[in-house]
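Structure first, then comments.
The values are calculated or read from the model by the stated rules, or taken from the named source; none is laboratory data. Quick caveat: nothing in here was measured; it's all calculated off a predicted structure. All Cβ positions, even for glycine, are placed from backbone atoms using ideal geometry, and neighbour counts span all protein chains on display.
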Amino acid sequence: MKSNTKNQITREEIEHIAWLAHIELTEEEKKIFTEQFNRILDFFEKINEVDTEQVPPTYHVLGIINVERQDEVGESLPQDETLKNAPKKEDGFFKSPRIV
Amino acid sequence: MPRHYQISALEATWLIRNQELSCEEYILSIFERIDKTEGKIHAFITLLREQALEKAREVDKLVKKREGQGILSGIPIAIKDVICTNGVRTTCSSRMLKDYVPPYDATVVRKLNSEGAIIVGKTNMDEFAMGSTTETSFFGPTRNPWDLNKVPGGSSGGSAAAVIAEDVPLALGSDTGGSIRCPASYCSVVGLKPTYGLVSRYGLISYANSLEQIGPFARTVEDCALLLTIISGHDDKDSTSANLSSKDYVSLLKEDDVNGLRIGVPHEFFGEGVDDDVKDTVWEAILKLESLGCTYDEVSVSSVSYALAAYYIIAMSEASSNLARYDGLRFGFRQERDEGDWATVYAKNRKEGFGAEVRRRIILGTYALSAGYYDQYYLKALKVRTILRRDFERALKEFDVLIGPTMPVLPFGIGEKIDDPLTLYMCDVLTVPANITGYPAMSIPCGFKNNLPVGMQIMGKPFDEETVLRVAHLFEQNTDHNLRRPNL
C-alpha cells in the first residue's frame, strides 16, 4: 500500500479551502476534517494507476451539445412568489448583508 | 383477501376504475397503515393527509361520471424530499431548506398529478442525497423495516422503507451513486435508476447533475414499469433530457423473448470486500435465471476498481458548484443577526445550515477543482470516466445485461459506520459504475441472509430499460422473495 506522503493536506490548507467555499468550521471540525481528508485523498490517489494518456475527458454522458429553443417569452413567477422564501426582504427586494 | 393498502398499484387502478374500490376508502386505509408504521420506521418528513383525501373524493366523483381519469388515477405515491412540489415544503432533509416551499412542481410531479396520482407525503433521505444510510437527515434517521436497529440504505431510505412497509405501493427516489438501488436492496423492494437523460431532472434539487436521475420504487417489477412509463420522456425544461419517443414499459414486459438472453457476470462485482453471504445469494439467483432459459458467462470489466474514486471526485466537484447557491439570501437558512461582512455572513449561514457530510463534500469538491489540483483530480477522474464507459460498452456488446450484487454487504447497524466517511463510501462500490457511465441499472429482491434482504443488480444498455425490466420480471415471476414482508 502506498504511504500517504504524497498529498498531505494541512490544517491551514483546509482553512483556506473552507474559506473559498464560504463555510465556517469550528476548531474541532478542522482537526477531524484534516484527518478524514487525508485518508480520502489518499484513496483518490488510486486513479493515478490508470494510464489516461490520449484519453479525452467525459464531462457528460449524453454528448448533447448546445440545446437551443425559440427565444419566446414564457410564464414567469410573480414578484411576491419569488420573494416568498427569502428570510429577509424589504420593499420587494432581497435584503443582503453589508457588502463593504 | 388482502387489505386495501397491500394491493399493487396496477391492480388498484383497475379496481378504482371499475368502482370495485372507493378511492377514499383506499387512501384512508393507506393513512391507517402509515399511522401504524411511521412511529417505528420514520419514513416521512411531511404527510399530506387532508390534501390526499380531498383528491381521493374527487377521483371517486370522476369515476362515477366516467370522465377525466389518468393512468394513475387515485394511486397513492410518496415523493423523496429532494423533488420539488408546488406549495409543499421540500427540505432535502437539511436545516438549510427546512422551511423551503417551492413555487413550482418538478416535471415528474406535474406528470404524476396530470395522470391522477395522489401524493401522500414527502420521504426522508440523507441530507442533500449525500449518503447511503439515511442517517444524515436533519429530521433524524429512517429505520430498516426488517430490523429497526439497521439502516434502510440511502439516500432514498424513506421511499424504500415506505414501500416495503406497505405505506404506499409506489415512491420516487433519486440516484446519484446508488441512492435508489442501495435502499431498494436493503429494504427488499424493486428500484430502478434509469439511463441518464430518460427522466427529466427539472425540479430535482441538484447534488451532482451529470450523474443523477429520478427513478421509481415499487414492490413488483410491473408497478415499477408502470411508474417509469409515466415519469420518462423528453422535457424542454431539462437541457440534458434525451429526445426519444416514449414507451409503455408495462406492455413491453409482456413480450416473451427472454429465452436465450445473455447475462454477463463481471467477476469484479464479486471481488474483495463483497460478503460471501451476498455472493452466494446472487449466484443462486443467476443460476435460477439460467434454469429459466437465459445463458450466462463471466466477463471482466477491469476499470471498475477505479470507479469509486473517480465517482467521488466528480460528485464532490459538482456538489461544490451546485450547492454554492445556498447563501441564505434568496431562500434557505439565514441567521437571525448578520454579523460581519457579506462573506462572513455567508460562511456562517452555510456552517449552521449544512450538516457535516454536506460540508465535507463541498470542501473536498472545492479542493478538487482548485488551481493546482484540477488536472490531478477532476480532469483525471473525467478521463477515467471515459475508460469506464468504453469498458462497459464493450461488455454490453457481448451481453444483454450485466448482473451482480447491488450492495457488497448486508444492511448494517444504525450508527455503525457513520463516523467513518471512507468506509461508508466503500459501500457504493458496485452502484457507482451505472452513474459514471449513465447506464440503466435496477435492484430487485433476490433472497435473504440472517433475515436481512439481499438485492441483485441488473445493468443494461443505454435506453434499454425494457430488457432490464424483463429479466427482473422473469426472475420475480418464478421466485417468491418479493412476497416477503417485514413484521411491523
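Could you look through region A:25-38, keep only residues that are touching a helix residue (DSSP H, G or I) at 6+ places or on another chain (Cβ under 7 Å) and touching a residue at least 24 places away in the same chain (Cβ under 8 Å), and pick out the one that is nearest to the other protein chains (Cβ to nearest Cβ)? Within region A:25-38, the match that is nearest to the other protein chains (Cβ to nearest Cβ) is A:Phe37. For region B:353-360, the condition of being in contact with a Lys or Arg (Cβ under 8 Å, 6 or more places away or on another chain) and at the interface with chain A (Cβ under 8 Å from one of its Cβ atoms) holds for at least one residue. Among the criteria (1) part of a loop (DSSP other than H, G, I, E, B); (2) out of contact with any helix residue (DSSP H, G or I) (no Cβ under 7 Å at 6 or more places or on another chain); (3) within 7 Å of another protein chain (Cβ to nearest Cβ), the one A:Pro97 does not fulfil is (2). Checking each residue in region B:377-420 for being more than 29 Å from B:Ile444 (Cβ to Cβ) and not aliphatic (A, V, I, L, M) picks out B:Tyr377, B:Tyr378, B:Lys380, B:Lys383, B:Thr386, B:Asp419, B:Asp420.
Using the structure shown, decide if B:Tyr374 is more than 7 Å from every other protein chain (Cβ to nearest Cβ) and surrounded by 24 or more Cβ atoms within 10 Å (Cβ to Cβ). Criteria not met by B:Tyr374.
In region A:67-94, what count of residues is obtained for those that are closer than 30 Å to B:Asp338 by Cα and within 10 Å of another protein chain (Cβ to nearest Cβ)? Give the derivation first.
Residues of region A:67-94 that are closer than 30 Å to B:Asp338 by Cα, as a first pass: A:77-94.
The next check asks that each one be within 10 Å of another protein chain (Cβ to nearest Cβ); those that pass are A:77-78, A:80-89, A:94.
Total satisfying the criteria: 13.
Which residue, of B:Leu402, B:Leu364, B:Leu388, is modelled with pLDDT of 95 or more, surrounded by 18 or more Cβ atoms within 10 Å (Cβ to Cβ) and closer than 30 Å to B:Asn451 by Cβ? First the steps, then the outcome.
On the way: B:Leu364 fails: closer than 30 Å to B:Asn451 by Cβ; B:Leu388 fails: closer than 30 Å to B:Asn451 by Cβ.
Result: B:Leu402 is the single residue among B:Leu402, B:Leu364, B:Leu388 that is modelled with pLDDT of 95 or more, surrounded by 18 or more Cβ atoms within 10 Å (Cβ to Cβ) and closer than 30 Å to B:Asn451 by Cβ.
When region A:1-24 is filtered for residues that are assigned to a loop (DSSP other than H, G, I, E, B) and either more than 7 Å from every other protein chain (Cβ to nearest Cβ) or modelled with pLDDT under 95 (or both), the ones remaining, listed by number, are A:Met1, A:Lys2, A:Ser3, A:Asn4, A:Thr5, A:Lys6, A:Asn7, A:Gln8, A:Ile9, A:Thr10. The residues listed here are B:Tyr186, B:Tyr202, B:Tyr207, B:Tyr196; of these, the one that is in contact with a Gly (Cβ under 6 Å, 6 or more places away or on another chain), aromatic (Phe, Trp, Tyr) and in a loop (DSSP other than H, G, I, E, B) is B:Tyr196.
Yes or no, residue by residue, for (1) out of contact with any Leu (no Cβ under 9 Å at 6 or more places or on another chain); (2) touching a residue at least 40 places away in the same chain (Cβ under 8 Å); (3) within 11 Å of another protein chain (Cβ to nearest Cβ); (4) on the phi < 0 side of the Ramachandran plot:
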{"position": "B:Gly340", "(1), (2), (3), (4)": "yes, no, yes, no"}
{"position": "B:Thr344", "(1), (2), (3), (4)": "yes, no, yes, yes"}
{"position": "B:Ser370", "(1), (2), (3), (4)": "no, no, yes, yes"}
{"position": "B:Leu382", "(1), (2), (3), (4)": "yes, yes, yes, yes"}
{"position": "B:Asp419", "(1), (2), (3), (4)": "yes, no, yes, yes"}
{"position": "B:Thr423", "(1), (2), (3), (4)": "yes, no, yes, yes"}
{"position": "B:Asp428", "(1), (2), (3), (4)": "no, yes, no, yes"}
{"position": "B:Tyr439", "(1), (2), (3), (4)": "no, yes, yes, yes"}
{"position": "B:Met442", "(1), (2), (3), (4)": "no, yes, no, yes"}
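Screening region B:21-138 for helices (runs of 4 or more DSSP H) wholly inside it with 3 or more residues that are within 28 Å of B:Arg181 (Cα to Cα) and among the hydrophobic types (A, V, I, L, M, F, W, C) returns the ranges B:23-41, B:107-114.
Only one of the listed residues (B:Pro102, B:Pro169, B:Pro183, B:Pro141) is under 23 Å from B:Pro433 (Cβ atoms) and of a type outside the set (S, T, N, Q). That residue is B:Pro183.
State which residue pairs qualify: first residue of a type in the set (S, T, N, Q) and inside region B:28-40, second residue at pLDDT 95 or above and outside any helix (DSSP H, G or I) in any location, beta carbons under 8 Å apart, and separation of 6 or more residues or different chains. These pairs meet every condition: B:Thr37/B:Ala43; B:Thr37/B:Pro145; B:Thr37/B:Ala165; B:Thr37/B:Glu166; B:Thr37/B:Asp167.
Conditions (1) over 20 Å from B:Ala356 (Cβ atoms); (2) in contact with a His (Cβ under 7 Å, 6 or more places away or on another chain); (3) among the polar types (S, T, N, Q), marked per residue:
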site: B:Met125; (1), (2), (3): no, no, no
site: B:Met130; (1), (2), (3): no, no, no
site: B:Thr133; (1), (2), (3): no, no, yes
site: B:Asn144; (1), (2), (3): yes, no, yes
site: B:Val151; (1), (2), (3): no, no, no
site: B:Val163; (1), (2), (3): yes, no, no
site: B:Val199; (1), (2), (3): yes, no, no
site: B:Glu212; (1), (2), (3): yes, no, no
site: B:Val221; (1), (2), (3): yes, yes, no
